[in-house]
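Colleague: Sharing a structure here in structure tokens format.
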Amino acid sequence: MWKDYSAGYIKNNRASSMSVMVAAFISALLLSLLCGLFYNLWVYEIERIKVEEGDWQGRIIGEISAEDLDLIQNYANVEKAVLNEECSGEQGTAADIYFKKLGSILTDMPRIAELIGVPADAVTYHYTLLNMYLIRDSNDSALRWIFPFSLMITVIASFSLILIIHNAFAVTMNARIHQFGILSSIGATPKQIRTCLLQEAFVLCAVPIAAGNLFGILICMGIIQGINVLLTDVARRLVLPFSYNPLILLLSLSATVITIWISAWIPARKMSKMTPLEAIKNTSEIQLKRKKNSCILSLLFGVEGELAGNALKAQGKAMGTATLSLIFSFLAFSFSMCFLAIIILSQRETYFERYQDAWDIMVTVNNTEIDAFDRTDALQELPGIQSGVVYQKAAAKRILTEDEISEESRAMGGFRNASPEYVSPTSAGWLVNVPLVILDDESFLEYCGQIGAKPRLDGAVIRNQICDAADPNFRKRRMLAYLTESQQTTVIRGTGQENGTAEIPVIAYTQEVPNLREEYGTVDYYELVHFIPVSVWQEIKAQIGGTEADTYIRILAKDGATLAELNEIEENVSRLLGGVYETEIENRIQDKLNNDNMFRGMKALVSLFCVLLTIIGIGNVFSNTLGFVRQRKREFARYLSVGMTPRGMRKIFCVEALVIAGRPVLITLPITAAAVVFFIKVSYLEPMVVIGEIPFIPILAFILAILGFVGWAYYLGAKKVLGSNLMDSLRDDTVM
């Protein structure tokens, strides 16, 4: 049958053969690309976790001797065991354990702990790293979704591609039902017909599979390179090198071959089960099972619109994948672009624009208390610095009585609505949190002058401000006076039971805070922030305690400072503090650039995912429009016989293309618009500002791209149909 029938059919029916080859090529390309991207993401996440969290797999903390370490090292599945001095402390010595086979780590670690005589709760697993190898422990409650989500996308895409190729094969095979009926009537067995169809499928798909996999690897390489270019300016980033494993090639090839085999086997099996009489009676035309009126299309485009609507309904099952892919791709693209635009706008308003005059360089001096920091004066003398504030934060508490609460606060409800997590009632009043912001003496004196208070270093400035907790607008909350300002001293206490109390004079009550990159009263609305100089802190820290481990330096450069000037200040600060203090330095302009690059990368990845979905839909449209050529010749020959002009037939194709491309837009835009309205409402952004940030041009370009490719597919199909002798189609029952 191959020599006498299949080879000749492939040669003489290039349109239907081409649709199968295109579908196979697209499927192979996308599967190869998805497998390559998934593998590179997997490798990158593993390297990132190892760099940021360490490459250990299991850890035991306890009384571990050198003999115990040897016992661990000699355990059958252990590759190596090393002591971790950084994690060792009061709880005991930490031993990091690396395994040869990770699959049994959850059973091996308890056995190792029992072997060296430590309790089972001394065992710790590197859950983040193990999750990348699909090893999950029931005790790990964290939601680790990156790897499973990527795997899910790959699996879903594979099923979508099966539908694409299945439709392509179903279209071309259904066109030959009548002919296979004739072959069956002269002795061809169902097995021979099925084998013949599968042979044709693999002959047509062999070259497209190889080419698609090769192009998928090249595109994956280009995407990885593009991501690296986008993230070039991101500081302290981990470079994403292109990685590929022969097993990934084998996996993508196997997935493609299996996909094509399933896609071809389903219609081939269906055709081989048809009786010769059923096959001969089949005219291979698309049939509308029951008449349905296309009122809207008929109203807009007349009889051609009615005919186009009926044709689309007859092809409904075949076009289902295309419609769903286009709808989901456009919905994902428009929704993601609008969502990211709102996030960027919100971040810009609440962070970059809000604090752009508060800091240019932020330095975190790790594990250093402010009273032990001795470079404050030298820091102020560095070139290019307009002002620098050294500060540290600490936690304390204070009891507030009813008489101290302002009338506005009482009218708001006082502490009745306060969460017990933040406010505790006592017999003397309410115990509230008192965050302490400890400023260097010079900065504190400058702050006193800024608020109009007498500069002195023996007391505290209290932020006398509380937000209206009932106001849902978190961007512009109504602010009220917190206290009556009658108290001349403030009595604060430590957060621990062993801490004492300290009474400090109140220099001033104010609603104006120092120019720092800090927020107050955003989580705990009832916190009473105290600003104190380091001189006061040195006197009370023994009683209060509760200091954070790090000290911060806020640096403001001169007006109009450029990135190069901030980089120079950063280098000078590094030289001044390096070798003595361990520091982390942030650069405002560089952070903004990094943030912009990060969002550009997110947009690129989202766009890529949406383009892949769109390609699935467009590929299905091409498969159907080219594959249905033979069936639709009879349909249009009948239209021609009843007086329809070629112009009218072209109009039918145009209406069909417009419906296929326009349906995703009409369905998606209202959903996206409703989502944008919802985001505006919950984020309390100005509607006109949000509308100005919505990326209309990319969304419009996406719509035009869908319309253009669908129109191109229908143009090629219409050219094939209308360019042939339609009258011959009515009497053509030959086996080609």
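Colleague: Per residue of the stretch 239-256, what does 6.51 cos²θ - 1.76 cosθ + 1.60 with θ = phi - 60° give for ³J(HN,Hα)? Whole Hz please, x for Gly and Pro, Karplus curve as stated.
Modeller: Residue by residue, the stretch 239-256 yields 5, 9, x, 6, 10, 8, 10, x, 5, 5, 4, 4, 5, 5, 5, 5, 4, 5 Hz.
Colleague: Rounded to a whole number, what % of the accessible area of the stretch 335-432 do carbon and sulfur atoms account for, probe 1.4 Å?
Modeller: 48 percent
Colleague: Another question, if that's okay. Tell me, what HN-Hα J-couplings in whole Hz come from the Karplus equation 6.51 cos²θ - 1.76 cosθ + 1.60 at θ = phi - 60° for each residue of the stretch 110-121, using x for Gly and Pro?
Modeller: x, 5, 5, 4, 5, 5, 9, x, 10, x, 5, 6
Colleague: Could I have the simple spin-label model distance between GLU693 and GLU568, label points 7 Å from Cα toward Cβ, reported in nm to one decimal?
Modeller: If labels sit at GLU693 and GLU568, their model points lie 3.4 nm apart.
Colleague: Then there is this: As a test question: what accessible area, to the nearest 10 Å², does PHE25 have when a 1.4 Å probe is rolled over all protein chains in place?
Modeller: 60 Å²
Colleague: Rounded to whole Hz and in sequence order, give me ³J(HN,Hα) for the stretch 681-697 from the Karplus expression 6.51 cos²θ - 1.76 cosθ + 1.60, θ = phi - 60°, writing x for Gly and Pro.
Modeller: So the J values, rounded to whole Hz, are 5, 7, 9, 6, 8, 5, x, 5, 5, 5, 4, x, 9, 5, x, 5, 5.
Colleague: Further question: Where only protein heavy atoms count, and the probe is 1.4 Å, what is the accessible area per residue for the stretch 367-428 in Å²? List each step's numbers first, then the result.
Modeller: Values: 3260 Å² over 62 residues.
Normalised by residue count, the accessible surface of the stretch 367-428 is 53 Å².
Colleague: What FRET efficiency do you get for GLU381 and THR107 if R0 is 60 Å and r is their Cβ-Cβ distance, rounded to the nearest 0.05?
Modeller: 0.45
Colleague: Once you have the Cα-Cα distance between ILE262 and LEU214, take 0.36 nm times their residue separation minus that, and quote the gain in nm to one decimal.
Modeller: On the way: separation 48, 0.36 × 48 = 17.28 nm, distance 2.22 nm.
Using 0.36 nm per residue and subtracting the Cα-Cα distance, I get 15.1 nm.
Colleague: Does a label point 7 Å from the Cα of THR426, set along Cα-to-beta-carbon, have any residues of the stretch 539-560 with amide nitrogen under 17 Å, and which are they?
Modeller: Of the residues in the stretch 539-560, 543-546 have backbone N under 17 Å from the label point off THR426.
Colleague: Just subtract the alpha-carbon distance of ALA358 and ALA542 from 0.36 nm times their residue separation and send over the number in nm, one decimal.
Modeller: So the chain would gain 63.1 nm between ALA358 and ALA542.
Colleague: Where does each of 716-723, 120-127 land if you order them by average Cβ count within 10 Å, highest first?
Modeller: The peptides rank, most packed first, as 716-723, 120-127.
The values are calculated or read from the model by the stated rules, or taken from the named source; none is laboratory data. What you are looking at is a predicted structure, and each value in this text was computed from that prediction instead of being measured. Heads up, the Cβs are rebuilt from the backbone with ideal geometry, glycines too, and the neighbour counts pull from every protein chain shown. Accessible surface is based on the protein model in full, side chains and every heavy atom, while ligands, DNA and RNA are left aside. Shrake-Rupley method; radii C 1.70, N 1.55, O 1.52, S 1.80 Å.
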